[in-house]
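Okay, so here's the structure we're looking at.
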Amino acid sequence: MKTMQENTIFKPLYALTHTPINAYFSKNSDDFVVREIPLYDFSGEGEHLVIEISKKDMTTQEALRALSDFSGVKIREFGYAGLKDKQGMTTQFISLPRKFEEKIANFSHEKMKILSVNAHNNKLRIGHLKGNSFFIRLKKVMPSEASKLAQAIDAIDKMGYANYFGYQRFGKFGDNAAGGLELLKHGTLEGKKLKNPKMRDFLISAFQSDLFNRWLSKRVEISRFVQDFSLKELAEIYKFMNVDELKSLKEQKQFFKLIKGEVLGHYPFGKCFLCEDLETETVRFNARDITSCGLIIGQKAYKSEGMAKTIEDEIFGEAMEFENKMSGLRRFAWSYLENVSHRYNEEKAHYTIDFTLQKGSYATVVLEEILHKNIFE
């Protein structure tokens with residue numbers, strides 16, 4: 001497993017098999033818009049104030065600093081449901097103590113504005129969001145490429161997508177995961193103690209995310225090979241599977257194949273459980289009632305069994321010695337677009353795409369699956 005030995009930038013395997021699509025994408029405030037969808041309606045009463053902000057080319061932390069400098073609210077007093085990218089136009093909800101309501105009323109900033117204000121009983125916490133809606137504009141799209149885009153988007157809308165972690169987790173140079181591994185091994189980064197606990201947690205999370213992506217890419221590979229190769233050929237490729245196990249995969253009609261003993265979860269939210277009755281769970285999977293849940297390695301993560309565990313051990317095995325140094329959980333491996341629409345403006349050679357994702361999913365991952373190329377190269 002290369003992650004444990006050297007710093008390599010891993011490129012996940014695409015589920016779709018079409019050739020790369022030529023289109024220009026720039027992550028700017030006109031062509032990339034993100035709107036946060038709250039988990040619940042705000043109560044209209046309570047000791048907290050929830051403001052909806054729009055920001056242009058600012059990180060969430062930069063936005064909090066601007067609000068703090070203007071109002072006097074301490075950074076730790078703010079609450080938010082998730083971090084938003086710097087590039088593009090983004091909206092999100094931020095909470096603060098209601099006693100600062102008058103001070104925040106006159107807030108003004110060249111890159112940020114307050115869109116709405118609501119009272120609420122609780123401070124916002126990480127994860128307190130339903131998802132995010134996205135608007136993406138692609139440029140320099142020729143008619144032949146527009147046709148390919150429509151087919152790719154419709155295919156993903158129908159079958160779902162591999163819910164990889166996006167490039168944002170791994171840093172500009174792709175070295176965050178290696179930094180996390182170094183901290184786990186030695187307790188230091190480049191020979192020095194890391195004083196910022198949030199940065200330490202972020203780098204370790206990048207290491208966990210890298211392993212998740214490698215495991216998910218393996219599952220996409222298995223699904224693709226099961227679809228394309230005969231039982232005899234599969235038996236040669238996957239010697240750890242017996243004939244009955246391979247047949248159970250072959251019998252499944254959907255692209256992403258479920259494996260007995262893997263961890264499943266109720267979709268779009270709910271408890272995890274083991275896949276024991278493969279035939280029944282495949283029906284539920286195809287109805288989008290449940291989905292596969294990949295491992296974020298660490299303490300208290302739900303354990304898989306059988307062949308599913310064999311596949312996980314191939315990816316996560318060497319990292320098990322650090323398991324007690326990390327918090328573990330399960331993450332949706334296969335997810336779905338919602339509220340999809342797309343249209344082509346041939347005169348301008350623009351192609352626009354709108355969709356909604358569950359929290360924790362990356363629009364850039366979906367876009368790279370559609371285009372079949374690294375959108376930032």
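The values are calculated or read from the model by the stated rules, or taken from the named source; none is laboratory data. Only a predicted model underlies this, so the values are computations on that prediction, with no experimental measurement involved. Virtual Cβ from ideal backbone geometry, glycine too; neighbours counted across all protein chains shown. These accessible areas exclude ligands, DNA and RNA; they are computed on the full protein's heavy atoms, side chains included. Shrake-Rupley method; radii C 1.70, N 1.55, O 1.52, S 1.80 Å.
Summary table below
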{"read-out": "Candidates ASP244, ASP313, ASP175, ranked by Gaussian network fluctuation over the chain, Cα under 10 Å, top entry", "value": "ASP244"}
{"read-out": "Computed magnitude of the charge dipole of region 176-325 (debye, nearest 20; Cβ of K, R +1, Cβ of D, E -1)", "value": "640"}
{"read-out": "Percent carbon-and-sulfur accessible area, region 237-357, ignoring ligands, DNA and RNA, probe 1.4 Å", "value": "50"}
{"read-out": "Residue order for SER335, SER205, SER230 - accessible surface, 1.4 angstrom probe, largest first", "value": "SER230, SER205, SER335"}
{"read-out": "Shape call, region 239-313: gyration tensor on alpha carbons, a/c limit 1.5", "value": "oblate"}
{"read-out": "Gained length - LYS185 relative to MET320, 0.36 nm times residue gap less alpha-carbon distance", "value": "47.4 nm"}
{"read-out": "Cut-off 11 Å between beta-carbons: net charge of the residues surrounding SER335, Lys and Arg +1, Asp and Glu -1", "value": "+2"}
{"read-out": "Net charge of Cβ neighbours under 10 Å - reference ASN132; Lys, Arg +1; Asp, Glu -1", "value": "+3"}
{"read-out": "Over the chain, relative contact order from alpha-carbon pairs under 8 Å, at least 6 apart, %", "value": "22"}
{"read-out": "Net charge, GLU221 excluded, C-beta distance under 12 Å - Lys, Arg +1, Asp, Glu -1", "value": "+3"}
{"read-out": "Region 53-127 shape via C-alpha gyration tensor axes, a/c threshold 1.5", "value": "oblate"}
{"read-out": "Chain lengthening between THR352 and THR19 when straightened (0.36 nm per residue, less Cα-Cα)", "value": "117.9 nm"}
{"read-out": "Separation of the ASP57 and LYS195 label points, Cα + 7 Å toward Cβ, nm", "value": "3.2"}
{"read-out": "Accessible surface, the chain, averaged per residue in Å² (probe 1.4 Å)", "value": "51"}
{"read-out": "Probe 1.4 Å, all protein chains present, accessible-area order of THR17, THR60, largest first", "value": "THR17, THR60"}
{"read-out": "Heavy-atom SASA rank of ARG35, ARG200, ARG214 (probe 1.4 Å, accessible area, largest first)", "value": "ARG35, ARG200, ARG214"}
{"read-out": "For HIS128, solvent-accessible area (1.4 Å; no DNA, RNA or ligand), Å²", "value": "60"}
{"read-out": "Most fluctuating residue given options ALA105, ALA308, ALA349, as computed from a GNM of the chain linking Cα atoms under 10 Å", "value": "ALA105"}
{"read-out": "Volume in Å³ per residue [convex hull over Cα atoms, computed for region 316-377]", "value": "141"}
{"read-out": "Volume of the Cα convex hull of the chain, divided per residue and given in Å³", "value": "155"}
{"read-out": "Taking region 279-377 and dividing mean pair separation by its residue count, relative contact order in percent (alpha carbons under 8 Å, at least six apart)", "value": "24"}
{"read-out": "Distance between modelled label sites at ARG76 and PHE229, nm, 7 Å Cα→Cβ extension", "value": "5.5"}
{"read-out": "Interchain or long-range residues, amide H under 5 Å from TYR302's placed H", "value": "ARG330"}
{"read-out": "Charge-dipole axis of region 33-85 as Lys and Arg at +1 and Asp and Glu at -1 on Cβ define it, positive-most pick from LEU39, ILE51, ILE75", "value": "ILE75"}
{"read-out": "Simple label model, 7 Å out from Cα along Cβ direction - ASP30 to GLU251, nm", "value": "5.6"}
{"read-out": "Reciprocal mean inverse distance between Cα atoms of region 104-235 - Kirkwood radius, Å", "value": "20.1"}
{"read-out": "Pairwise centroid distance, computed over Cα atoms, of region 48-123 with region 161-228, Å", "value": "30"}
{"read-out": "Dipole magnitude (debye, nearest 20) for the chain, charges at Cβ of Lys, Arg, Asp, Glu", "value": "900"}
{"read-out": "Members of LYS74/LYS103; LYS130/LYS325; LYS198/LYS218 lying beyond 24 Å, as alpha-carbon distances in this model show", "value": "LYS130/LYS325; LYS198/LYS218"}
{"read-out": "FRET efficiency estimate (nearest 0.05) - Cβ-Cβ, HIS372 to THR280, R0 30 angstrom", "value": "0.30"}
